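To start, the structure itself, in structure tokens.
The values are calculated or read from the model by the stated rules, or taken from the named source; none is laboratory data. Every value quoted in this text rests on a predicted model; they were computed, and no experiment measured them. Here the Cβ positions follow ideal geometry from the backbone for every residue, glycine too, while neighbour counts run over all protein chains shown. Protein only, heavy atoms only, side chains kept; ligands, DNA and RNA dropped before computing areas. Shrake-Rupley method; radii C 1.70, N 1.55, O 1.52, S 1.80 Å.
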Amino acid sequence: MSVYKCVLFDLDHTLWDYETNSAATLRELFIYHRLNEKGISSFEDLFTTFVEINTHLWDQYDTGKIHKDVIRFERFHKILLALGIDDYDLSLTLSNDYVSESPKKGALMPNAIAILDHLKANYPLYIITNGFEEIQSTKLTSSGIIHYFESVVTSARAGHKKPAKEIFEFTLAENGFSASEAIMVGDNLLTDIAGARNASIATVYFNPNKIVHQEKVDYEIQDLMELKNII
Ligand SMILES: [Mg+2]
């Protein structure tokens with residue numbers, strides 16, 4: 001047994017395969033709304049633009065520069081504008097469809113189930129996420145992993161979002177653990193890694209794409225199965 005007594009997981013891009021699930025949803029929207037007839041030449045164009053703008057908006061949200069409503073109401077408007085289409089009504093339709101359909105997709109990151117099975121046998125597991133309450137619980141249900149977790153802490157429930165140390169402290173306090181007994185696994189250097197470090201919690205940076213960085217991390221992995229060697 002390791003020194004750790006509980007494991008904290010991020011959800012999006014760490015366990016739930018955000019990229020694959022977004023792509024599947026956008027492919028459906030592209031066909032259903034006949035976006036090729038509205039001036040978007042290919043699904044690939046839509047997806048590339050989505051990833052670029054979505055990543056930027058989430059970074060701004062995580063750093064407190066924008067309210068979550070901007071993601072809800074402006075994300076697809078910005079995407080359409082970047083693709084040369086000025087149609088706010090269409091953007092709202094796409095936004096509503098995306099927000100309702102994408103969480104129903106269940107693709108997980110490679111080896112997610114295998115590592116959860118392995119860890120669950122010895123440790124209580126928790127989700128800490130900046131995602132929105134209903135959306136995150138839909139994702140956990142549709143991907144079939146909700147039963148692995150003792151609880152899901154969203155920023156809405158904790159009253160703070162990662163990287164604030166309070167959301168980590170909230171999770172530990174609610175479950176009776178000290179910071180030295182926990183380890184955080186996540187894909188985001190700011191929210192997950194700097195955040196957990198703010199709360200004096202050990203960190204595992206999940207870096208499947210081998211991004212070069214300067215952040216201080218306790219452990220770094222490319223595959224979730226490597227957690228077996230750490231925890
Ligand atoms: Mg993440």
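Values computed for the structure shown
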{"quantity": "Residues whose placed amide H lies under 5 Å from that of V153, excluding near-sequence neighbours", "calculated": "I127, I128, T129"}
{"quantity": "Alpha carbon centroid spacing (whole Å) that separates segment 86-147 from segment 1-52", "calculated": "11 Å"}
{"quantity": "Accessible surface of segment 1-120, 1.4 Å probe, proportion on carbon and sulfur as whole %", "calculated": "52 percent"}
{"quantity": "Solvent-accessible heavy-atom area per residue, rounded to whole Å², over the chain at 1.4 Å", "calculated": "46 Å²"}
{"quantity": "Longest site-free stretch - the chain; sites: trypsin sites (Lys or Arg not before Pro), DSSP loop, at most 15 other Cβ within 10 Å", "calculated": "66-209"}
{"quantity": "Inter-label distance, nm, simple model (7 Å from Cα along the C-beta direction), E19/H56", "calculated": "2.0 nm"}
{"quantity": "Antiparallel bridges, percent of DSSP beta bridges restricted to the chain (to nearest 5)", "calculated": "5 percent"}
{"quantity": "Helix-only [θ]222 nm of the chain, DSSP H runs n ≥ 4, -39500 (n - 2.57) each, per residue, nearest 500", "calculated": "-13500 deg cm²/dmol"}
{"quantity": "Per-residue SASA entry for H160, accessible area with 1.4 Å probe, Å² rounded to 10", "calculated": "80 Å²"}
{"quantity": "E181-A121 FRET efficiency (beta carbon distance; Förster radius 25 Å; 0.05 resolution)", "calculated": "0.90"}
{"quantity": "For segment 12-21, Karplus couplings with θ = phi - 60° (6.51, -1.76, 1.60), whole Hz, Gly/Pro x", "calculated": "5, 6, 9, 10, 7, 7, 4, 5, 5, 5"}
{"quantity": "In Å, descending, principal axis extents of the Cα set of the chain", "calculated": "59, 33, 33"}
{"quantity": "Segment 105-157: GluC sites (Glu not before Pro) in DSSP coil with no more than 16 other Cβ atoms inside 10 Å", "calculated": "E150"}
